[in-house]
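Notes follow once the structure below has been shown.
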Amino acid sequence: MLHQEDKHFAKPNKTPSRANKADAITVAVREIITAETTARNAKTERLRQLRLERQAAEEADAAQAAALEPKKKRKAPAKRASRAKTVKA
């Protein structure tokens, strides 16, 4: 135990211990990572929605263009020329 006189020479506890510093840094880093992850997930979802909307619009345009385009008549498949059998002598 410290005596009254030794109290003046005792080191005051102004600086936190290394463990406390490490804990503070860990908490700060985890908050930053969580914020970045949340932002990335929000961006991914926003881009996914835009992509799906764009694909739906492109499909609707293609369907509308196909409906307006006159249908082409199918040509009959070309007939193959039959080979004449040759007799070997």
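The distance between label points at residue 63 and residue 45 comes to 2.8 nm (points 7 Å beyond Cα on the Cα→Cβ vector). Here's the picture: charge each Lys and Arg Cβ at +1 and each Asp and Glu Cβ at -1 in region 17-67, and of 34, 49, 65 the one pushed furthest to the positive end of that dipole is 34. Extension gain, residue 52 to residue 31: 0.36 nm times the residue separation minus the Cα-Cα distance gives 4.4 nm.
Any read-out appearing in this document is the output of simple, stated calculations on the displayed coordinates, not a laboratory observation. Because the structure is a prediction, the values reported are computed rather than measured. Don't worry about glycine lacking a Cβ; one is built from the backbone with ideal geometry, like all the others, and counts go over all protein chains shown.
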